[in-house]
Amino acid sequence: MNLAAILHLDSEPALIVGGGPVALRRAVTLKTAGLRVRVIAPDLLPELLALGFDCCQRAFEPADLAGMRIVVACTSSPVVNAEVTRLALALGALVNHAGEAGAGNLRFPAVLERGGVTVAISTGSELPMLAQALREKVALSLPEALPLPAWTAQRDAALSLGADARQAAMSDLRAEIRAAVGLGA
């Protein structure tokens, strides 16, 4: 069973073990989310260095895991990935094993962010191309902009009302939201 969640990990430490294209994608994802990203690998793509990540050009050492909240194992070596995953899980980190998703406890979904709304899609298996296609489909139906501050204010005002008035105001807000996203009342 999976737990879908949006995590706020601003300024938390993350470790990526690997220096190739997958490491680059994951490093950008984690940095965009506000994490402090360290990349360790004997061979690093020049883009990793150019983008200003904290890079160490050497082999992984178990001590590299100290204090890491998120760990991504994405080397070209299944043995190294398995070892990184095993050790990081034992330390309680969130771990993504790029070559064998089921070995870790963290998967990266396809994400769509628009107008203050974040939609994350995972297939629950190793089919990222399906999640990406579904993200494209959702993008076609999600309006470019939504009046989130106004709706939040309406909700907050409704919550301060008596039971009957609150129920009516929440029902009106629900209908307005459904209409805005094309569902009707």
Item to check | Three-way shape call for the range 76-169 based on the alpha-carbon gyration tensor, with the a/c threshold at 1.5 | outcome: prolate
Item to check | Total charge dipole magnitude, the chain, about the Cα centre, Cβ charges on Lys, Arg, Asp, Glu only, Debye to nearest 20 | outcome: 140 debye
Item to check | Within the range 54-120, trypsin sites (Lys or Arg not before Pro) in DSSP loop having at most 14 other beta-carbon neighbours inside 10 Å | outcome: R58
Item to check | Listed residues L87, A66, P13: farthest to the positive end of the dipole of the range 13-108 (Cβ charges) | outcome: P13
Checklist outcome for this item: Row for the range 6-89, column shape: gyration tensor on C-alpha, a ≥ b ≥ c, rounded if a/c < 1.5 i.e. under 1.5, prolate if a/b over b/c, else oblate; value oblate
Item to check | If the convex hull is drawn through the Cα atoms of the range 46-125, its volume per residue in Å³ | outcome: 140 Å³
Next on the checklist: With equal scatterers on the alpha carbons only and no solvent term, can you work out the Debye log10 of I(q)/I(0) for the chain at 0.10, 0.14 1/Å?
Outcome noted: -0.53, -0.84
Next on the checklist: Just to be sure I understand: with springs between alpha-carbon atoms less than 10 Å apart, which residue in A150, A59, A110 has the highest mean-square fluctuation in the Gaussian network model of the chain?
Outcome noted: A150
Checklist entry - If you rank H8, H97 by fewest surrounding Cβ atoms within 10 Å, what's the result? => result H8, H97
Checklist entry - For the residue pair T118 and A153, what label-to-label distance in nm results when each label sits 7 Å from Cα along the Cα-to-beta-carbon direction? => result 2.5 nm
Next on the checklist: Quick check on the exposure proxy: order D64, D172, D164 from fewest to most C-beta atoms within 10 angstrom.
Outcome noted: D164, D172, D64
Item to check | Max mean-square fluctuation residue, GNM over the chain, Cα-Cα springs under 10 Å, options L45, L89, L159 | outcome: L159
Checklist entry - For the range 120-185 and the range 49-109, what is the separation of their C-alpha centers, rounded to whole Å? => result 35 Å
Checklist outcome for this item: Per its Cα gyration tensor (rounded if a/c is under 1.5, else prolate when a/b beats b/c, else oblate), the range 66-107 is best filed as prolate
Checklist entry - Within the chain, what's the longest stretch lacking GluC sites (Glu not before Pro) that sit in DSSP loops with no more than 12 other Cβ atoms inside 10 Å? => result 1-125
Item to check | Candidates T75, T152, T118, ranked by Gaussian network fluctuation over the chain, Cα under 10 Å, top entry | outcome: T152
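Where a number appears in this text, it was derived from the coordinates with a stated rule and is not lab data. Note that the structure is a prediction, hence the values are computed from the model and not measured. Glycine gets a Cβ as well: all are built from the backbone with ideal geometry, and neighbour counts include every protein chain shown.
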